[in-house]
Amino acid sequence: MKEKIEILKGDITKQQVDAVVNAANTSLLGGGGVDGAIHRAAGPELLEETRKIGGCPTGEARVSKGYRLPAKWVIHTVGPIWRGGNSNEEELLASCYRNCFKAARELGVKTIAFPSISTGAYRFPLERATEIALEETKSFLETDRALSKVLFVCFGDEVFQTYKRIFEQVFEE
Ligand code: AR6
């Protein structure tokens, strides 16, 4: 199962995968960070489609096409804004990953790329967010046969080093 996971440094908009996950906000109308990058790379048709979707509650996911991205699909999810840890942030972040995997299964995708959801503008502590990301991935892959590759695309060295370290903890024999 370990071999299905790849941690890399880079830009998620350049990944040749079936689906990329977007760390969006509840409006689904775009924003900064990875959301801005995905909208710029996909082109204006993406906004046209997400406008029609009409938003997404925190912790849930919605699917659109990828337009000019190499990826066929974008799975938009809305991570929690970190408010100190007593506002159900951990459960909401776990639910983002679960709902993205559920959407991926419904779409029949074999390869998917995730950014580090909620750890930028939404300020979720990186280490805990990474544990949640990798633990949810492990639980999903334990029962799933369809996904062959899960990429974690790390923007910057701190995120990359954190994923590498937590990966060893979560997947140690
Ligand atoms: N590829 C991969 N990761 C990226 C990229 C990229 N091109 N660009 C940034 N990141 P953030 P959030 C990393 O702020 O915390 C938006 O305005 C970034 O370095 O994008 O969930 C939305 O509209 C960080 O590690 O998402 C929402 O309003 C990670 O992606 C809000 O920000 C997530 O940072 C969502 O905040």
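The values are calculated or read from the model by the stated rules, or taken from the named source; none is laboratory data. Quick caveat: nothing in here was measured; it's all calculated off a predicted structure. Every residue, glycine as well, gets a Cβ built from its backbone with ideal geometry; the counts of neighbours run over all protein chains shown. Ligands, DNA and RNA are excluded from the accessible area calculation, which covers all protein heavy atoms including side chains. Shrake-Rupley method; radii C 1.70, N 1.55, O 1.52, S 1.80 Å.
Can you report the number of residues in segment 31-47 which are within 9 Å of the ligand (Cβ to nearest atom) and in contact with a strand residue (DSSP E or B) (Cβ under 8 Å, 6 or more places away or on another chain)? Within segment 31-47, residues that are within 9 Å of the ligand (Cβ to nearest atom) and in contact with a strand residue (DSSP E or B) (Cβ under 8 Å, 6 or more places away or on another chain) number 5. Checking the structure you have, find out if any residue of segment 78-96 is in contact with a strand residue (DSSP E or B) (Cβ under 6 Å, 6 or more places away or on another chain), buried (at least 23 other Cβ atoms within 10 Å of the Cβ), in contact (Cβ under 8 Å) with a residue 40 or more places away in the chain and within 16 Å of V34 (Cα to Cα). Yes, the conditions are met somewhere in segment 78-96.
Of the residues in segment 142-158, how many are open to solvent by less than 80 Å² (accessible area, probe 1.4 Å) and more than 14 Å from the chain's Cα centre (by Cα)?
Narrowing segment 142-158 to residues open to solvent by less than 80 Å² (accessible area, probe 1.4 Å): 144, 146-154, 156-157.
Filter again for more than 14 Å from the chain's Cα centre (by Cα), leaving 144, 146-148, 156-157.
Final tally of qualifying residues: 6.
Do we have G30 as in a loop (DSSP other than H, G, I, E, B), touching a residue at least 12 places away in the same chain (Cβ under 8 Å) and within 13 Å of the chain's Cα centre (by Cα) here? No; evaluated as a whole, the condition is false for this residue. Please specify each residue of segment 18-30 satisfying the condition of being more than 12 Å from the ligand (Cβ to nearest atom) and either farther than 19 Å from C96 by Cα or open to solvent by 40 Å² or more (accessible area, probe 1.4 Å) (or both). Once the filter is applied, which keeps residues that are more than 12 Å from the ligand (Cβ to nearest atom) and either farther than 19 Å from C96 by Cα or open to solvent by 40 Å² or more (accessible area, probe 1.4 Å) (or both), segment 18-30 yields only D18. In segment 127-141, the count of residues that are small (G, A, S), within 16 Å of the ligand (Cβ to nearest atom), outside any loop (DSSP other than H, G, I, E, B) and open to solvent by less than 60 Å² (accessible area, probe 1.4 Å) is one or more. The residue of segment 104-115 that is surrounded by the most Cβ atoms within 10 Å (Cβ to Cβ), among those that are touching a residue at least 60 places away in the same chain (Cβ under 8 Å) and either away from the ligand (no atom under 13 Å from the Cβ) or part of a loop (DSSP other than H, G, I, E, B) (or both), is P115. Quick check: anything in segment 47-67 within 20 Å of C154 (Cβ to Cβ), open to solvent by less than 30 Å² (accessible area, probe 1.4 Å) and in a loop (DSSP other than H, G, I, E, B)? Scanning segment 47-67 turns up no residue that is within 20 Å of C154 (Cβ to Cβ), open to solvent by less than 30 Å² (accessible area, probe 1.4 Å) and in a loop (DSSP other than H, G, I, E, B).
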